[in-house]
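Student: My questions all concern the structure below.
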Amino acid sequence: MAFTYSEKVMDHFANPRNVGEIENADGIGEVGNSKCGDIMKMYLKIDGDTISDVKFKTFGCGAAIATSSMATEMIKGKTIDDALKLTNKAVMEALDGLPPVKVHCSVLAEEAVKSALSDYYERQGIDPEPIVGKIDK
């Protein structure tokens, strides 16, 4: 099966931004998809209500790496509230689209960000349920 990827997807796959781990991260989220084997781990450093740094580690296909990279670019320097509004559709649009069979990768990127924010809230003693509820299944 051949896919046509946009130049932005190819760029974020070949030159992913924000790869790595953050020591003493304020929030860590890990999500995976058993159908395709993609696993995304997202690390957040939060100062006040701003995401000052974000890193990711993704085991998966090119689309999974590209969506992880783009999602980190989209939330870095943003407020927690702005990051909570991130959608898989916004990630796909920022990458100039994905083949239909790869849309699930953008969903994983959204879920990884929200999972990390949920972990941050738990560590702060705040109920993460409102965040988890924002993840559209």
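The values are calculated or read from the model by the stated rules, or taken from the named source; none is laboratory data. Everything quoted here is computed from the prediction, not taken from an experiment. Neighbour counts run over all protein chains shown; Cβ positions are idealised from the backbone, glycine included.
Student: Among the residues of the range 1-53, write down those that are part of a helix (DSSP H, G or I), surrounded by fewer than 14 Cβ atoms within 10 Å (Cβ to Cβ) and without any contact (Cβ under 8 Å) to a residue 60 or more places away in the chain.
Tutor: If the condition is that a residue be part of a helix (DSSP H, G or I), surrounded by fewer than 14 Cβ atoms within 10 Å (Cβ to Cβ) and without any contact (Cβ under 8 Å) to a residue 60 or more places away in the chain, then Met10, Ala14 are the ones that fit.
Student: One residue is enough: does the range 87-106 have a residue meeting the conditions among the aliphatic types (A, V, I, L, M) and closer than 21 Å to Tyr121 by Cα? Break it down into steps so the answer makes sense when it comes.
Tutor: Residues of the range 87-106 that are among the aliphatic types (A, V, I, L, M), as a first pass: 90-92, 94-95, 98, 101, 103.
Applying the additional criterion that residues be closer than 21 Å to Tyr121 by Cα yields none.
No, the range 87-106 contains no residue that is among the aliphatic types (A, V, I, L, M) and closer than 21 Å to Tyr121 by Cα.
Student: Tell me yes or no: at least one residue of the range 67-86 is under 14 Å from the mean Cα position of the chain (by Cα), of a type in the set (Asp, Glu) and at pLDDT 95 or above.
Tutor: Taking every residue of the range 67-86 in turn, at least one turns out to be under 14 Å from the mean Cα position of the chain (by Cα), of a type in the set (Asp, Glu) and at pLDDT 95 or above.
Student: Which residues, taken from the range 27-42, are among the basic types (Lys, Arg) and out of contact with any Asp or Glu (no Cβ under 6 Å at 6 or more places or on another chain)? Step through it out loud before you land on a result.
Tutor: From the range 27-42, those among the basic types (Lys, Arg) are 35, 41; that's our starting set.
Of everything in the range 27-42, just one residue is among the basic types (Lys, Arg) and out of contact with any Asp or Glu (no Cβ under 6 Å at 6 or more places or on another chain), namely Lys35.
Student: Take Gly62 and decide whether it is on the phi < 0 side of the Ramachandran plot, modelled with pLDDT under 95 and within 12 Å of the chain's Cα centre (by Cα).
Tutor: No, not satisfied.
Student: In the list Lys134, Lys89, which residue meets the criterion of being out of contact with any Asp or Glu (no Cβ under 7 Å at 6 or more places or on another chain) and at pLDDT 95 or above?
Tutor: Among Lys134, Lys89, only Lys89 is out of contact with any Asp or Glu (no Cβ under 7 Å at 6 or more places or on another chain) and at pLDDT 95 or above.
Student: What's the number of the condition Phe56 fails, among (1) modelled with pLDDT of 95 or more; (2) surrounded by fewer than 16 Cβ atoms within 10 Å (Cβ to Cβ)?
Tutor: (2)
Student: Of all residues in the range 69-86, which are in contact with a helix residue (DSSP H, G or I) (Cβ under 6 Å, 6 or more places away or on another chain) and either in contact (Cβ under 8 Å) with a residue 40 or more places away in the chain or β-branched (Val, Ile, Thr) (or both)?
Tutor: Ser69, Met70, Ala71, Ile75
Student: For the range 56-86, what are the residues that are in a strand (DSSP E or B) and more than 20 Å from Gln124 (Cα to Cα)?
Tutor: Hits for the range 56-86 are Phe56, Lys57, Thr58, Phe59.
Student: Next question. With the structure loaded, tell me whether Lys78 is of a type outside the set (A, V, I, L, M) and surrounded by fewer than 20 Cβ atoms within 10 Å (Cβ to Cβ) or whether it fails that test.
Tutor: yes
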